[in-house]
Amino acid sequence: MIVFAYYIPILPPMGRISPEIIAPVKITGFMTVDALIQGNFIAFFDALRHLILPTISLGLVGMAEESRIVRGTICNNMDQDYISAARSYGIPERIITFRDLLKPSLIPGVSILGLEFATVMANALLVELIFNWPGFARYTMKAMLGKDLNAISAAVLLVGVVFIFSNILVDIAVNILDPRIQLIKEREE
């Protein structure tokens with residue numbers, strides 16, 4: 001924020017939209033989508049500029065960990081016999097990389113992605129406070145400070161449900177990436 005908002009002022013430091021721009025009428029609650037629906041492209045691009053710093057703040061830590069895990073798995077899979085066999089058959093290196101090497105190497109990264117989701121939800125509170133964004137984390141924090149037990153219970157339940165669905169999506173993605181998992185389940189039945 002200090003670098004890109006103050007020293008090199010190319011991005012806005014906080015808020016969802018600049019004060020001099022008229023915010024679009026709330027339809028979906030997503031500033032960019034609402035601006036596009038109403039054809040307000042000035043508000044759309046301004047809201048998009050306001051999204052850059054919070055998005056980078058939330059995604060940078062998880063992205064670094066994911067890339068490190070995938071890189072390690074790729075390095076391990078490079079020495080596998082099926083990669084050597086594919087090279088000996090004369091299959092182009094691009095096809096070997098994307099079909100034979102990358103697909104099985106993504107499985108551990110995708111598995112960790114479900115756990116990373118919980119970290120992103122926890123970091124969202126800090127990002128919303130720093131960038132002055134109204135959101136779910138800020139609402140939950142106000143509920144905790146106000147000792148609103150119903151709101152706290154609803155927030156915890158919602159986070160649990162979203163976490164469960166994210167893990168289900170991760171399991172589906174792992175099944176798509178590794179068809180052997182389905183074969184193992186069919187043999188057990």
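The values are calculated or read from the model by the stated rules, or taken from the named source; none is laboratory data. These numbers come from a predicted model, not from an experiment. Cβ placement follows ideal geometry from the backbone for every residue including glycine, while neighbour counts extend to all protein chains displayed.
Tell me, yes or no, whether segment 113-136 has at least one residue that is among the charged types (D, E, K, R) and farther than 26 Å from Arg16 by Cβ.
Our first condition is that a residue be among the charged types (D, E, K, R); within segment 113-136, this holds for 116, 128.
Add one more test, that the residue is farther than 26 Å from Arg16 by Cβ, and what stays is none.
Taking every residue of segment 113-136 in turn, none turns out to be among the charged types (D, E, K, R) and farther than 26 Å from Arg16 by Cβ.
Would you pick out the residues in segment 168-189 that are closer than 21 Å to Val120 by Cα and either at pLDDT 85 or above or hydrophobic (A, V, I, L, M, F, W, C) (or both)? Steps first, answer last, please.
Filtering segment 168-189 for residues closer than 21 Å to Val120 by Cα gives 168-174.
Hits for segment 168-189 are Ile168, Leu169, Val170, Ile172, Ala173, Val174.
Residue by residue through segment 77-97, note down the ones that are part of a helix (DSSP H, G or I), surrounded by 10 or more Cβ atoms within 10 Å (Cβ to Cβ), among the polar types (S, T, N, Q) and free of Cβ contacts under 8 Å to residues at least 12 places away in the same chain.
Within segment 77-97, the first condition is being part of a helix (DSSP H, G or I), and the residues that meet it are 77, 81-88, 93-97.
Checking the rest, the ones that are also surrounded by 10 or more Cβ atoms within 10 Å (Cβ to Cβ) come to 77, 82-87, 93, 95-97.
This time we only want the ones that are among the polar types (S, T, N, Q), so: 77, 84, 97.
Listed by number, the residues that qualify are Ser84, Thr97.
Looking at Ile91, Ile17, Ile69, which is the one that is over 30 Å from Pro108 (Cβ atoms) and β-branched (Val, Ile, Thr)?
Details: Ile91 fails: over 30 Å from Pro108 (Cβ atoms); Ile69 fails: over 30 Å from Pro108 (Cβ atoms).
Selected residue: Ile17, the only one of Ile91, Ile17, Ile69 that is over 30 Å from Pro108 (Cβ atoms) and β-branched (Val, Ile, Thr).
In segment 5-41, what residues are part of a helix (DSSP H, G or I) and either surrounded by 15 or more Cβ atoms within 10 Å (Cβ to Cβ) or at positive phi (or both)? Quick ask: steps written out before the conclusion?
First, the residues of segment 5-41 that are part of a helix (DSSP H, G or I): 5-7, 31-37, 41.
Hits for segment 5-41 are Ala5, Met31, Thr32, Asp34, Ala35, Leu36.
Restricting to segment 122-143, and then to whatever is surrounded by 13 or more Cβ atoms within 10 Å (Cβ to Cβ) and of a type in the set (A, V, I, L, M), can you tell me which residue is farthest from Gly59 (Cα to Cα)?
Ala143
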